[in-house]
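Just so it is clear, none of the values below were taken in a lab; they were calculated from the coordinates. Because the structure is a prediction, the values reported are computed rather than measured. Positions of Cβ are generated from backbone atoms using ideal geometry, with glycine treated the same way; all protein chains shown enter the neighbour counts.
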């Protein structure tokens, strides 16, 4: 661990224990209590929606979409750069955004703007095993859990929020919950996913293991 990382880690631990900064940490697990990576977490204040145009990207590298799951706010313009030597044909038939980027190399001429909330399932018309998902939400407080099943929201005001969770492998819809947010909180929630129902992430040369 670098000196900077160590200092940052120590600062976060101190801040969570003292409430010195506005930070809330949320951990998401599966039904076995194991940390759940790639879960979209959204904290929405329906009375105070803030929209800002943002830019993001989902790249194609080694015949894989990266990241597997991403989460962006409504109005985000997403680029789909192709880092591979072969061309890709990216598409989505999802109700929240139907689009098609026909065979191309490098970078499409224009990004795709996502203007409706919902789940976007991505595919490649040339490589069937390539899959990825984009969660489009209404809130600026929107992240995807890391390998420890965690997200950290900084500078979030105290108040009542709607907590929304989603993962491509969940076997039951998450019921939106109202949660009271206070600075320095550590919160934990569980999604209905069992080990037996967890497919592997799509990888180069593997068949598709999940169909929405």
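Things worth noting here:
- Calculated translational diffusion coefficient of segment 3-194 (20 °C, 1.002 mPa s; Stokes-Einstein with Kirkwood radius over alpha-carbon pairs) equals 120 µm²/s.
- This ranking places 155, 146, 45 by how few other beta-carbon atoms lie within 10 Å of each, fewest first, which gives 155, 146, 45.
- If R0 is 30 Å, the Cβ-Cβ spacing of residue 91 and residue 146 corresponds to a FRET efficiency of close to 0.60.
- Packing-based exposure ordering (other Cβ within 10 Å, fewest first) of 194, 152: 194, 152
- Contour excess over end-to-end distance, with Cα ends at residue 116 and residue 47 and 0.36 nm allotted per residue: 23.0 nm
- Legend: calculated FRET efficiency, residue 197 to residue 162, from the Cβ-Cβ distance at R0 = 22 Å, rounded to 0.05, equals 0.25.
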